[in-house]
1. In the list LEU104, LEU109, LEU14, which residue meets the criterion of being open to solvent by less than 40 Å² (accessible area, probe 1.4 Å), under 30 Å from TRP238 (Cα atoms), touching a residue at least 12 places away in the same chain (Cβ under 8 Å) and outside any helix (DSSP H, G or I)?
2. Among the candidates ARG228, ARG162, ARG253, which residue alone is open to solvent by 30 Å² or more (accessible area, probe 1.4 Å) and assigned to a strand (DSSP E or B)?
3. Which of (1) open to solvent by 30 Å² or more (accessible area, probe 1.4 Å); (2) more than 23 Å from GLN10 (Cβ to Cβ); (3) not in a loop (DSSP other than H, G, I, E, B) does LEU220 not meet, given it meets every other one?
4. GLY23 fails exactly one of the following numbered conditions: (1) touching a residue at least 40 places away in the same chain (Cβ under 8 Å); (2) closer than 19 Å to SER255 by Cα; (3) open to solvent by 50 Å² or more (accessible area, probe 1.4 Å). What is the number of that condition?
5. With respect to SER77, determine if the residue is open to solvent by less than 30 Å² (accessible area, probe 1.4 Å), part of a helix (DSSP H, G or I) and under 13 Å from ALA271 (Cβ atoms).
6. Quick test of your reading of the structure: ALA139 fulfils all but one of (1) at pLDDT 95 or above; (2) outside any helix (DSSP H, G or I); (3) in contact with a Lys or Arg (Cβ under 8 Å, 6 or more places away or on another chain). Name the failing condition by number.
7. Out of LEU124, LEU152, LEU136, LEU148, I need the residue that is among the hydrophobic types (A, V, I, L, M, F, W, C) and more than 25 Å from the chain's Cα centre (by Cα). Which one?
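The values are calculated or read from the model by the stated rules, or taken from the named source; none is laboratory data. Remember, predicted model here, so these are calculated numbers, not experimental data. Methodologically, a virtual Cβ is constructed for each residue, glycine included, from the backbone with ideal geometry; neighbour enumeration extends over all protein chains shown. Surface accessibility is based on the protein's heavy atoms, side chains included, excluding ligands, DNA and RNA. Shrake-Rupley method; radii C 1.70, N 1.55, O 1.52, S 1.80 Å.
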Amino acid sequence: MTGEESLRPQSLMLTFLGDQVLGRDVCVYSGSVIDVFARAGIGEQATRSTLTRMVNRDLLRRQREGRRMYFGLTERSEAVLRDGERRIWQTGAVNRHWDGTWTLLGFSLPESWQRQRHDLRSQLTWSGFGPLFNGLWIAPGEVDVSALVAELGLSAHVKVFRAHADAGTDIGQMIEETWELSDLAGRYEAFVRRWQPWEDELPDADDALVLRLRLQTEWLRIVRRDPRLPVKHLPDDWPAEQAEKTFRAVHDRLSPLARDASERLLDLVPARPQA
């Protein structure tokens with residue numbers, strides 16, 4: 001499959017942990033992780049360095065059992081994984097229930113604050129905002145950005161409002177001017193092309209585990225970049241719904257085999273309370 005190489009080991013690792021560790025109060029043996037990631041084409045050194053990096057970033061904790069090292073979740077990684085779980089299974093890719101509310105965020109930063117301006121724009125894009133004008137960004141629904149703005153140290157420079165568009169506003173045109181719809185549509189269409197064949201094919205069990213990891217990682221990457229614009233103001237052939245159907249169908253098809261593989265391949269132990 002094309003496009004798989006661009007999935008980062010940490011993204012795959014988070015998907016793996018969400019699949020196998022989240023909500024189970026267990027830790028997973030490093031050797032098991034190395035084995036599964038080798039099947040995904042990721043070498044032992046890259047896997048080990050990813051584990052170490054995630055420990056250093058408080059996304060994993062170590063637990064020694066005899067001569068073996070196991071890895072479990074931290075509060076931080078659990079929060080990240082719960083958010084991803086909600087985004088995939090509850091929020092979804094199609095926004096049919098928009099109530100007409102927009103979140104408007106205005107900012108004015110000193111000219112010399114180029115890094116802060118870049119960081120703020122990056123975080124706003126990640127949170128579903130698009131640039132209505134240079135210093136005025138907009139997102140559908142009620143979006144709470146207080147923590148994001150505070151973390152960047154920009155609370156004094158940002159103002160946030162809730163608003164409804166005037167009756168004469170062409171919302172569809174505004175959306176086209178504010179967001180890169182063709183880029184987002186292309187991501188959904190490429191996802192369908194890549195994964196639809198697996199609706200009718202069955203790999204062997206070990207491959208199913210790796211395929212499901214890639215499937216979920218790639219899907220989460222797409223939906224996290226999707227601002228969930230109201231579907232009634234998007235083009236009639238908007239591909240998100242078909243892509244979501246493909247994701248769910250392939251996930252359901254791969255899951256029984258992936259569960260069998262994980263039971264054979266993974267060494268899990270109960271997580272001990274941290275000191």
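1. Working: LEU109 fails: under 30 Å from TRP238 (Cα atoms); LEU14 fails: outside any helix (DSSP H, G or I).
From the options LEU104, LEU109, LEU14, the qualifying one is LEU104.
2. On the way: ARG228 fails: assigned to a strand (DSSP E or B); ARG253 fails: assigned to a strand (DSSP E or B).
Result: ARG162 is the single residue among ARG228, ARG162, ARG253 that is open to solvent by 30 Å² or more (accessible area, probe 1.4 Å) and assigned to a strand (DSSP E or B).
3. (2)
4. All conditions pass for GLY23, except number (1).
5. Values: open to solvent by less than 30 Å² (accessible area, probe 1.4 Å): yes; part of a helix (DSSP H, G or I): yes; under 13 Å from ALA271 (Cβ atoms): yes.
In short, yes.
6. Unmet for ALA139, out of (1) at pLDDT 95 or above; (2) outside any helix (DSSP H, G or I); (3) in contact with a Lys or Arg (Cβ under 8 Å, 6 or more places away or on another chain): (3).
7. Numbers: LEU124 fails: more than 25 Å from the chain's Cα centre (by Cα); LEU152 fails: more than 25 Å from the chain's Cα centre (by Cα); LEU148 fails: more than 25 Å from the chain's Cα centre (by Cα).
Result of the check over LEU124, LEU152, LEU136, LEU148: LEU136.
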